[in-house]
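Engineer: If you scroll down you'll find the structure; I have some questions about it.
The values are calculated or read from the model by the stated rules, or taken from the named source; none is laboratory data. Fair warning: this is a prediction, and the values are worked out from it, not measured in the lab. Methodologically, a virtual Cβ is constructed for each residue, glycine included, from the backbone with ideal geometry; neighbour enumeration extends over all protein chains shown.
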Amino acid sequence: MQFKSTHECGWELLLDIKSFIADRVSLMESSEIREILELTEGKNVISLAGGLPDPNYFPVDEMAEIASEIIKEYGSRALQYSVTRGLREFRTEIVKFMERSGTPGERPYNIIVTSGSQQALNLLAQILVNPGEIVIVEKPTYLAAINVFKAVGARFEGVPVDNEGMKVDELEEKLKALKADGKRAKIVYTVPTAQNPSGVSMSNERRERLLELAEEYDFLIIEDDPYSHFMFEDVDFKRLRSKDKYRVIYTSTFSKILAPGLRLGWVAAHPDIIDALETAKQNADLHTPTFNQLIATEALKRGVVDKHIPKVKEAYKRKRDVMLEALEQHMSGMATWTKPVGGLFIFVYLDENIDTKEMLPQALSAGVAYVPGSAFYIDGSGRNTMRLNFSYPSEEEIKSAIERLAKVVKEYSDK
Ligand code: PMP
C-alpha cells in the first residue's frame, strides 16, 4: 500500500476511502443534540439540551439484586442467543404492563421487543416506506424520527401543533390537497402525549378525528409514546392504539420508566407488521440482549417499574414547576413557552428576529445549553424556538440556567 504524508496521523492514504461509502449515507444525518451534548461535555455548562432521565432516581439497588440473581439462576440462558421477537415471558409482561396503563387487548404475538424505541422507528421506516413515499409529521417533531425516515428516502409533509397537539383540521386539508394531486400519505407519525420537543399533548377529540382520517384517507399511524407515564396533571389521554389495533402501530420504551442504558423498547402492532419487523430486526441485530430482557422481565414482575414511575413523576413535576416559575420570573415579556402537562420538555418561542442556532455559542459561553428548535422542523422553520429539558438538571441548576439564558437572550437582542 502506498502512503503520502499529511493526514491527521501524519500520513495521507492515496486510497480514497470515502469513495467506498454507499450513496445512502448522504441521506443519513447525525443528531444535532448529540453534537451539542459533546460540546458541553466536561465543561461548566448546565445542559438543558439532552433528554436524559435523572440518574439519581435509577433503581440501582433493586437492579443490582435482580441482575445478580438472574446471572446466578439463569446464567447460561441469560448469556445465550435468543429469539428475534423477544423472550416470550418478557412480551407477556409487556402485554400486562400495557393493560395496566390503559391499553388492554394486546397479545404477545402483537409485540416485538426492540433495542430501544429508536430501533423500532428505524425498522418501521425500513419496512413501511419506499423512497419517495410521503410521511406526515408534526411541526415540530422528534428529531431522530425525521432522521430515520429521511434515511429511507421519505418525502415529508408537516402539520403544526398547538396546545392541543397536532392540528388535525390542517392535517385534513393537507390530505385533501394531496388526494386532489393524485398523491397519498402512507404514514402519519405522531408523539401524541407530552410530545418531544414541544411538550404538548393531543386532545382526545383530535385523537378521535385522526383515527377517522386514517380510515378515510387510508394511512397508518405510528404512535410513539415514551412519555405517557409522566403526566403531572389529572388528564386522561386515550392512547390511539387502545382505539384501533389495525391502523395504529404503537411503540414505547423502558428508557424513561426504568433505564435507557438497557436499550429496551417494543412495538405493538398488527401481526403482519410484527412479522416484517422480525425479518428486518434479524438483519439488524438478531435480537435484543437476552440478559437485559430477563432483567426487565423481573423488574416488571417484582413491581420495580410500577414503584419507580410515581417517584420519578413526582420529581419531574417539581422540576417542571421550577422551570416554569424561573421562565416566568426571568423571561416574561421576552418569550412565550408551552406549559406541558407531562413529559420532559418545555418549548420556548422567542422574538421572530432571534436565531437560536446563531445564539447558541453565546449561551454555551454563558454556561447554558439548549437545542435550537429548527432541528425539530422538517422545513427548517422554527429558527426562533428552543427546546429545554427539565428532567436531567437539578432544581438549582434549572433556576440558574434560566437566569443565564434570559441574560443571553437580552444581550443577543440588544446587539
Ligand atoms: N421517540 C421519542 C419521541 C423520544 O423522545 C425518544 C428518546 N429521546 C425515543 C423515541 C427513543 O428512545 P429509546 O431509543 O431510548 O427508547
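Engineer: Hey, could you check the range 134-153 for residues that are of a type in the set (A, V, I, L, M) and in a helix (DSSP H, G or I) and say which is farthest from Met202 (Cα to Cα)? Explain how you work it out, then say what you get.
Structural biologist: Start the filter on the range 134-153 by keeping residues that are of a type in the set (A, V, I, L, M), which leaves 134-137, 143-146, 148, 151-152.
With in a helix (DSSP H, G or I) added as a condition, the list becomes 143-146, 148, 151.
Values: Leu143: 19, Ala144: 20, Ala145: 18, Ile146: 20, Val148: 23, Ala151: 27 Å.
Per the stated criteria, the residue is Ala151.
Engineer: Listed residues Lys311, Lys317, Lys357; which is in contact with a strand residue (DSSP E or B) (Cβ under 7 Å, 6 or more places away or on another chain), surrounded by fewer than 20 Cβ atoms within 10 Å (Cβ to Cβ), part of a helix (DSSP H, G or I) and touching a residue at least 12 places away in the same chain (Cβ under 8 Å)? Don't jump to the end; show me each part of the working.
Structural biologist: Details: Lys311 fails: in contact with a strand residue (DSSP E or B) (Cβ under 7 Å, 6 or more places away or on another chain); Lys317 fails: in contact with a strand residue (DSSP E or B) (Cβ under 7 Å, 6 or more places away or on another chain).
Every option except Lys357 fails the conditions.
Engineer: Then there is this: Could you check the range 339-352 and list, in sequence order, the residues that are part of a loop (DSSP other than H, G, I, E, B), away from the ligand (no atom under 15 Å from the Cβ) and buried (at least 19 other Cβ atoms within 10 Å of the Cβ)? Reasoning before the result, please.
Structural biologist: Here is the first cut: in the range 339-352, the ones part of a loop (DSSP other than H, G, I, E, B) are 339-341, 343-344, 351-352.
Add one more test, that the residue is away from the ligand (no atom under 15 Å from the Cβ), and what stays is 339, 341, 351-352.
Residue satisfying the conditions is Val341 alone.
Engineer: If a residue must be more than 18 Å from Arg239 (Cβ to Cβ) and in a helix (DSSP H, G or I), how many such residues does the range 94-133 contain?
Structural biologist: The number of residues fulfilling the criteria is 11.
Engineer: Right, next: If you check Glu106, Glu99, Glu138, which single one turns out to be more than 25 Å from Leu286 (Cβ to Cβ) and away from the ligand (no atom under 16 Å from the Cβ)?
Structural biologist: Working: Glu106 fails: more than 25 Å from Leu286 (Cβ to Cβ); Glu138 fails: away from the ligand (no atom under 16 Å from the Cβ).
Result: Glu99 is the single residue among Glu106, Glu99, Glu138 that is more than 25 Å from Leu286 (Cβ to Cβ) and away from the ligand (no atom under 16 Å from the Cβ).
Engineer: Hey, any hits in the range 148-156 for a residue that's of a type outside the set (A, V, I, L, M, F, W, C) and under 23 Å from Arg387 (Cβ atoms)? Steps first, please.
Structural biologist: Restricting attention to the range 148-156, the residues satisfying the condition of being of a type outside the set (A, V, I, L, M, F, W, C) are 150, 153, 155.
Narrowing further to those that are under 23 Å from Arg387 (Cβ atoms): 150.
Checked against the condition, which is being of a type outside the set (A, V, I, L, M, F, W, C) and under 23 Å from Arg387 (Cβ atoms), the range 148-156 yields at least one hit.
Engineer: Go through (1) at positive phi; (2) more than 18 Å from the chain's Cα centre (by Cα) for Arg247 and report which single condition fails.
Structural biologist: Failing condition for Arg247: (1).
Engineer: Looking at the structure I just gave you, is Gly132 within 20 Å of Arg247 (Cα to Cα) and either within 20 Å of the chain's Cα centre (by Cα) or away from the ligand (no atom under 12 Å from the Cβ) (or both)?
Structural biologist: On the way: within 20 Å of Arg247 (Cα to Cα): no; either within 20 Å of the chain's Cα centre (by Cα) or away from the ligand (no atom under 12 Å from the Cβ) (or both): yes.
In short, no.
Engineer: Take the residues in the range 14-56 that are modelled with pLDDT under 85, hydroxyl-bearing (Ser, Thr, Tyr) and loosely packed, with under 11 Cβ neighbours inside 10 Å, then tell me which one is farthest from the chain's Cα centre (by Cα).
Structural biologist: My answer is Ser26.
Engineer: Can you say whether Pro226 is modelled with pLDDT of 95 or more, surrounded by 20 or more Cβ atoms within 10 Å (Cβ to Cβ) and within 16 Å of the ligand (Cβ to nearest atom), as far as the supplied structure shows?
Structural biologist: Working: modelled with pLDDT of 95 or more: yes; surrounded by 20 or more Cβ atoms within 10 Å (Cβ to Cβ): yes; within 16 Å of the ligand (Cβ to nearest atom): yes.
When the stated conditions are applied, Pro226 passes them.
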